[in-house]
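Please treat every number below as a calculation from the coordinates, not as lab data. Note that the coordinates shown come from a computational prediction; the quantities given were computed from them, not determined experimentally. Quick reminder, even Gly has a Cβ in these numbers, built from the backbone with ideal geometry, and neighbours come from all protein chains shown.
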Amino acid sequence: MARKKQYNEAEVVEKAMNLFWKKGYETTSMLMLEKEMGINKFSIYSSFGNKHGLFLESLKLYKSRVNITLNKLKKGTKGVEDIKDFFYDSINSNLKSGNKNGCFVTNTYNEFSNNEDEIIKNQMNDFMNNLKEIIIEKLKIDSNKDEATILKQANYLLLAKHGLAAASRVNTKKEIEDYIEMIFKNL
């Protein structure tokens with residue numbers, strides 16, 4: 001007979017996500033996860049298969065939260081202003097909570113860029129391609145732009161978003177706001 005879990009799975013995934021977000025996948029050990037989550041290795045393996053499975057669940061949780069901000073961007077009707085609002089929205093929760101970890105997706109994208117893990121790479125590429133498509137749709141609202149300009153601006157904004165994620169780890173709120181303002185001034 002299977003034993004009943006003595007922990008809330010959603011709560012332990014949240015704790016794991018925060019640890020992976022802060023430390024990265026490779027640096028996070030099973031011992032660190034056990035300590036942070038308050039459960040033993042057996043429970044982690046039983047619920048998630050292994051560290052990789054737990055990491056995938058952590059990414060899933062994070063992306064579900066980011067989807068709220070992405071949906072707001074998708075539904076917007078102001079074009080470039082919607083993208084700018086998205087940039088501000090994507091950092092505001094971190095600034096409010098004092099979180100200096102950057103963006104978990106961007107951190108993962110960077111950590112796994114030279115890794116052979118196809119599952120993670122595919123998830124990151126899908127996420128980034130989706131974001132780029134949304135940005136392109138917002139840029140198309142300005143009918144004065146041709147396709148080549150829209151693509152160049154979408155690439156610029158996607159790279160700027162990566163830079164924003166890195167900046168949010170070390171820069172002040174004022175510096176980050178100045179960065180966002182200059183991104184859109186130069187668009």
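Quick look at the values:
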{"item": "Relative contact order (%) - the range 81-179, alpha-carbon pairs under 8 angstrom, separation at least six", "result": "39"}
{"item": "Highest to lowest packing among 125-133, 139-147, 47-55, scored as the average C-beta count within 10 Å", "result": "47-55, 125-133, 139-147"}
{"item": "Long-range Cα-Cα pairs in the range 11-65 (distance over 14 Å), rounded percent", "result": "43"}
{"item": "The chain: relative contact order as a whole-number percent, Cα under 8 Å and 6+ apart", "result": "21"}
{"item": "Computed [θ] at 222 nm, deg cm²/dmol, the chain (DSSP H ≥ 4; -39,500 (n - 2.57); rounded to nearest 500)", "result": "-25000 deg cm²/dmol"}
{"item": "When the convex hull of its Cα atoms is projected in every direction, mean area for the range 144-187 (nm²)", "result": "3.0"}
{"item": "Check: the chain dipole with +1 on Lys, Arg Cβ and -1 on Asp, Glu Cβ, in debye", "result": "540"}
{"item": "For the chain: Kirkwood Rh in Å [reciprocal of mean 1/r, alpha carbons]", "result": "18.0"}
{"item": "Model label zone, residue 89; criterion: amide N under 19 Å from point 7 Å along Cα-to-beta-carbon; scope the range 60-75", "result": "61-75"}
{"item": "Cα-based Rg / Dmax (Å) for the range 29-116", "result": "16.5, 50"}
